[in-house]
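Student: My questions will all concern the structure given below.
The values are calculated or read from the model by the stated rules, or taken from the named source; none is laboratory data. Quantities reported herein were computed from a predicted structural model and do not represent experimental measurements. Heads up, the Cβs are rebuilt from the backbone with ideal geometry, glycines too, and the neighbour counts pull from every protein chain shown. Ligands, DNA and RNA are excluded from the accessible area calculation, which covers all protein heavy atoms including side chains. Shrake-Rupley method; radii C 1.70, N 1.55, O 1.52, S 1.80 Å.
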Amino acid sequence: MAYRTEAEKASEKMMGYYKDTDWKVSKVSKEVTVSYKKSAEFDGHIYKAESILDGKPDEIIKYLIPSPLGVRDNWDTTIKESKVLDSSEEDFFVVYSQTHSSAMGLISSRDFVDAVVIKHIEDEGIVCTNSISVDYPDRPPVDDVVRGFNHPGGTFCKALEGDEDKTKVTSFLQSDLKGMLPRTLVETALPNTMIDFFIGLKTAMEKNVLHEPAKS
């Protein structure tokens, strides 16, 4: 399947980003550190956010996947609409998502169609999502929403050595939001979005959202 091939290629790039050390710190909150570096994919940056959360990697990964495969729709307030378009394989899916406006309305709603593959890297104790935007003829762009493009991204979950009930979660984002947006606006908005993502994820886990009924 062509879409899976794209996601597999993205996963190879993501492991490289995961192991890179040449990151510059962009923003630090109480529990989240966001770093960045120049993207090799487009004229922008790739951002990395790191935090340590209570929980095991296999549990946390379910919070990152949209319903009905996971529970992300139940807690991620940045998502206005989400729909799995293809889930014919257990470890792979194509998802449509539309965001709410952000940066106090300065960035209007965007939508994306992403191919996502889930990897279990047993020798390193990692469970991760790896994704990239794809052209999906059955979900073309619409006039009233800007279609963005997510270059290779994903989230890595690795149990802490010495404490298997805690997990280091490392998320990567390199989104081309398209449209006529000032670069300074994007470079402020994306780190804030990643911090908000981790705050929402931690809150959802504390509320045990994984075991709540899925949204209808």
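Student: Please compute the Cα-Cα pair-distance distribution of the stretch 131-216 with 5 Å bins starting at 0, giving whole percents from short to long.
Tutor: Per 5 Å bin, starting at zero, the Cα-Cα P(r) for the stretch 131-216 comes out as 3, 10, 13, 18, 17, 17, 12, 6, 3, 1, 0 percent.
Student: Roughly what % of DSSP beta bridges within the chain run antiparallel, to the nearest 5?
Tutor: About 95 percent, rounded to the nearest 5.
Student: Right, here's the next one. Taking a label point 7 Å from the Cα of residue 207 along the Cα→Cβ vector, which residues of the stretch 36-80 have an amide N closer than 13 Å to it?
Tutor: What the label zone holds, given the 13 Å backbone N cut-off, is 72-78.
Student: Which residue fluctuates the most in the chain, going by a Gaussian network model with Cα springs under 10 Å, if the choices are 193, 21, 170?
Tutor: Sorting by GNM fluctuation, first place goes to 21.
Student: Further question: Just to be sure I understand: with springs between alpha-carbon atoms less than 10 Å apart, which residue in 140, 152, 57 has the highest mean-square fluctuation in the Gaussian network model of the chain?
Tutor: The residue that fluctuates most here is 140.
Student: Also, quick follow-up: If you average the sequence gap of Cα pairs under 8 Å that are 6 or more apart and divide by the length of the chain, what percent do you get for the contact order?
Tutor: Here the relative contact order equals 23 percent.
Student: Taking the Cα centre of the stretch 63-216 as origin, work out the dipole magnitude from +1 charges on Lys and Arg Cβ and -1 charges on Asp and Glu Cβ, in debye rounded to 20. Let's see the in-between values first.
Tutor: Details: 15 positive and 25 negative charges, 122 e Å.
Magnitude of the dipole: close to 580 debye.
Student: Next up: Note down the net charge around residue 86, summing +1 for each Lys or Arg and -1 for each Asp or Glu among other residues with Cβ under 10 Å from its Cβ.
Tutor: So the surrounding residues net to -1.
Student: Enumerate the calculated ³J(HN,Hα) couplings along the stretch 95-107 in order (Karplus 6.51 cos²θ - 1.76 cosθ + 1.60, θ = phi - 60°), each rounded to whole Hz, writing x wherever the residue is Gly or Pro.
Tutor: Ordered by residue, 3J(HN,Hα) equals 10, 9, 9, 10, 8, 6, 5, 9, 6, 6, x, 6, 10 Hz.
Student: Ok, one more. For a protection proxy built on the mean count of beta-carbon atoms within 10 angstrom, sort 83-89, 60-66 highest first, please.
Tutor: Output ranking for 83-89, 60-66: 60-66, 83-89.
Student: Taking H placed 1.01 Å from N in the peptide plane, check which residues at least 5 places from residue 44 or on another chain put their amide H under 5 Å from its amide H.
Tutor: 39
Student: For the stretch 120-216, what does the accessible surface come to per residue with a 1.4 Å probe? Please give it in Å².
Tutor: So the stretch 120-216 comes to 55 Å² accessible per residue, rounded to a whole number.
Student: Starting with the highest mean, order 39-48, 103-112 by the number of other Cβ atoms within 10 Å, averaged over the residues of each peptide.
Tutor: Averaged packing, sorted descending, gives the order 39-48, 103-112.
Student: Moving to a separate point now. Computed from these coordinates, which is log10 I(q)/I(0) by the Debye sum over Cα atoms at q = 0.08, 0.12 Å⁻¹: (1) -0.36, -0.79; (2) -0.43, -0.84; (3) -0.25, -0.60?
Tutor: Only one option fits the structure, namely (3).
Student: In whole percent, and with a 1.4 Å probe on the protein chains, what portion of the accessible area of the stretch 8-78 is carbon and sulfur?
Tutor: Of the solvent-accessible surface of the stretch 8-78, carbon and sulfur hold 50 percent.
Student: Among 81, 122, 50, which one moves the most in a GNM of the chain with springs linking Cα atoms closer than 10 Å?
Tutor: Comparing 81, 122, 50 in a Gaussian network model of the chain, the most mobile one is 122.
Student: Let me ask something else about it. Using alpha-carbon positions, what is the distance between the centroids of the stretch 179-207 and the stretch 3-67, in Å?
Tutor: With the stretch 179-207 and the stretch 3-67 each reduced to a Cα centre, they are spaced 13 Å.
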